[in-house]
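For reference, the structure is listed below as structure tokens.
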Amino acid sequence: MSISVDSISFRYGPRQALQDISFTLNRGGFHGLLGPNGAGKSTLFSLITRLNALQQGDIRIDDASIRRQPASLMRRIGVVFQQSTLDLDLTVAQNLLYHASLHGISSRDARQRIDTELQRMEMSDRAHDKVRALNGGHRRRVEIARALLHRPEILLLDEPTVGLDPQTRRSLNHHVRKLCEEENLTVLWATHLMEEINEDDSIILLHKGCLLVDDRAATLLSLSGQNTISDAFHHLTTLPQQESV
């Protein structure tokens, strides 16, 4: 299973948010979607998840077009958005049960899946706590558990660690990487924090709506002549556009 983005362009009125973006994510990998604020990462997520309609180009999962089969393909995707969408006044379990019902999962199956996902996220002991009582890192874990309830093949995470402390960021990143290994899950992790990326990760680097790099993170080092991913990212995203790779 792969997800392919083919020649995507998108405008908000006169502003060009994405320009001719193409790449492919192979199954079971952790892929970093990188770029400074305003690079087009969230716009790309909104197109993949159908929050915005495609204007130009196409998105395919296993050669099936999202234009022609949006409902069936959306069932294969789980999403954690940058802004939390949990109901603070419901318990963790209630939030997850509501999500399961939207996907047509029976109550019995839903409870089994909730137990499984909360255990994997090390959140079983918080199932009956209201979300309002959770810290930011635990809320993110609940959102990841929720996104996995319908057993998607692709997990999209849009800046999932914004506002979290470094230890919590590392813990969440580690959990998601384990999902790739254990479930053969394809992950697209959008971030502007370079410490969340390993040198052997596949990356998509956007800058000003354009695709700069579609390769391993280590390629950033050779392209930029820098010693760290953070320095390479800064170097490539501060070049004049005509000098970008």
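Laboratory data are not the source of any read-out in this text; all were calculated from the coordinates shown. Bear in mind that the values here come from a model prediction, so they are computed numbers and not experimental data. Ideal geometry is used to build each Cβ from the backbone, glycine not excepted, and the neighbour counts take in all protein chains shown.
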- Item | Dipole magnitude of the chain about its Cα centre (Cβ charges: Lys, Arg +1; Asp, Glu -1), debye to nearest 20 | 840 debye
- Run down the aspartates and glutamates and flag those whose C-alpha is under 14 Å from the C-alpha of LYS130, throwing out any fewer than 8 positions away in its chain. ASP87, ASP89, GLU143
- Message: Which of rounded, prolate or oblate describes the range 144-245 when judged by the alpha-carbon gyration tensor and an a/c cut-off of 1.5?
- Response: prolate
- With -39,500 (n - 2.57) per DSSP H segment of 4 or more residues and division by the full residue count of the chain, the 222 nm estimate, nearest 500 deg cm²/dmol, is -10500 deg cm²/dmol
- Based on DSSP, what percent of beta bridges with both residues in the chain are antiparallel, to the nearest 5? 55 percent
- Would you list, by chain and number, the aspartates and glutamates whose Cα falls below 13 Å from the Cα of LYS41, excluding same-chain residues fewer than 8 positions away? ASP158, GLU159
- Report the local net charge at VAL162: Lys and Arg +1, Asp and Glu -1, summed over other residues whose C-beta lies under 14 Å from its C-beta. -2
- Item | Cα long-axis angle, helix 136-148 against the chain (0 to 90 degrees, to the nearest 10) | 90 degrees
- Item | Anisotropy class of the range 85-151 from Cα gyration tensor, a/c 1.5 cut | prolate
- ³J(HN,Hα) computed for each position of the range 81-90 - Karplus, 6.51 cos²θ - 1.76 cosθ + 1.60, integer Hz, glycine/proline x: 7, 4, 8, 5, 10, 6, 7, 5, 8, 9
- Note on the structure: Honestly the range 1-85 on the Cα gyration tensor test (a ≥ b ≥ c root eigenvalues; a/c under 1.5 rounded, otherwise a/b vs b/c for prolate or oblate) is just rounded
- Which ³J(HN,Hα) values, rounded to whole Hz and listed in residue order, are derived for the range 101-115 from phi using the Karplus coefficients 6.51, -1.76 and 1.60 in 6.51 cos²θ - 1.76 cosθ + 1.60 with θ = phi - 60°, glycine and proline given as x? 5, 5, 9, x, 8, 4, 4, 5, 5, 4, 5, 5, 5, 4, 4
- Measuring from centroid to centroid over Cα atoms, what is the spacing of the range 1-74 and the range 143-159 in Å? 17 Å
